[in-house]
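Below: the structure, in structure tokens.
The values are calculated or read from the model by the stated rules, or taken from the named source; none is laboratory data. None of the values given here were measured: they were computed from a predicted structure. Glycine also receives a Cβ, built like all others from the backbone with ideal geometry; neighbour counts cover every protein chain displayed.
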Amino acid sequence: MKTTKKLLQYFLCYGFLGWILEGVFNLVTAGQFRKANFLHLPMKPMYGFGALAILIAHRYWPRKIFLTSCFLPCLVEYCSGYFLEHCFALRYWDYRQEFVQIKGYVCLKFACCWLILTQIVIHLVQPVLAGLLKFLGKWKWFWREWTKLFILDVAVTCYQRKYGDKRVVKYG
């Protein structure tokens, strides 16, 4: 039970941090922080799943650098892109013009970025976040409400995307 709560907390935190990372990347490359997001909340579940996969793999196979730093993030990115396109007809990124790519969902350039980013997460972000969660983890009401809000957002967004409800929450 305690492990499940901790994994959920990491998932939520890394999903939010992924939203920030993509916003900063978009700010640098396109000049504006905000870009299209699947969910209404500032949350990128792909980064939450990716971080959990990386942390779990790194814990059990710390010497398998390629597995934890490149293959798993690319697998999560591929599955996310495939899922969004085939379930909701959405394509938030397209790497088909990149030098080495797989169906436009993953490419060599960003696989190299994942290698670097994963090392930053494992060696810098995770220790800080683990320390922060020792304090914030005690705020049961906060995690309970954030989890409810996330689940509600996923349900509403999936309904809207699947059934064409165009009443979308606008930010800023």
Which condition number in (1) of a type outside the set (A, V, I, L, M, F, W, C); (2) more than 21 Å from Asn37 (Cα to Cα); (3) touching a helix residue (DSSP H, G or I) at 6+ places or on another chain (Cβ under 6 Å) is the one that Arg91 fails? (2)
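Just to check your reading of the model, which residue among Tyr10, Tyr78 is within 24 Å of Asp153 (Cβ to Cβ) and touching a strand residue (DSSP E or B) at 6+ places or on another chain (Cβ under 7 Å)? Spell out how you get there, then give the answer.
Values: Tyr10 fails: touching a strand residue (DSSP E or B) at 6+ places or on another chain (Cβ under 7 Å).
Exactly one of Tyr10, Tyr78 is within 24 Å of Asp153 (Cβ to Cβ) and touching a strand residue (DSSP E or B) at 6+ places or on another chain (Cβ under 7 Å), namely Tyr78.
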Residue among Val128, Val106, Val156, Val100 that alone is hydrophobic (A, V, I, L, M, F, W, C) and in contact with a strand residue (DSSP E or B) (Cβ under 8 Å, 6 or more places away or on another chain): Val100
Go through (1) under 18 Å from Trp19 (Cβ atoms); (2) of a type in the set (A, V, I, L, M, F, W, C); (3) at pLDDT below 90 for Cys70 and report which single condition fails. (1)
Tell me, yes or no, whether the range 143-154 has at least one residue that is in a helix (DSSP H, G or I) and among the hydroxyl-bearing types (Ser, Thr, Tyr). yes
Filtering the range 108-142 down to residues that are outside any helix (DSSP H, G or I) and either surrounded by 14 or more Cβ atoms within 10 Å (Cβ to Cβ) or of a type in the set (Ser, Thr, Tyr) (or both) yields Gly137
Take the range 93-107 and flag every residue that is in contact with a Phe, Trp or Tyr (Cβ under 6 Å, 6 or more places away or on another chain) and surrounded by fewer than 15 Cβ atoms within 10 Å (Cβ to Cβ). none
Only one of Leu90, Leu72, Leu52 that is under 28 Å from Ile151 (Cα atoms), out of contact with any strand residue (DSSP E or B) (no Cβ under 9 Å at 6 or more places or on another chain) and buried (at least 19 other Cβ atoms within 10 Å of the Cβ): Leu72
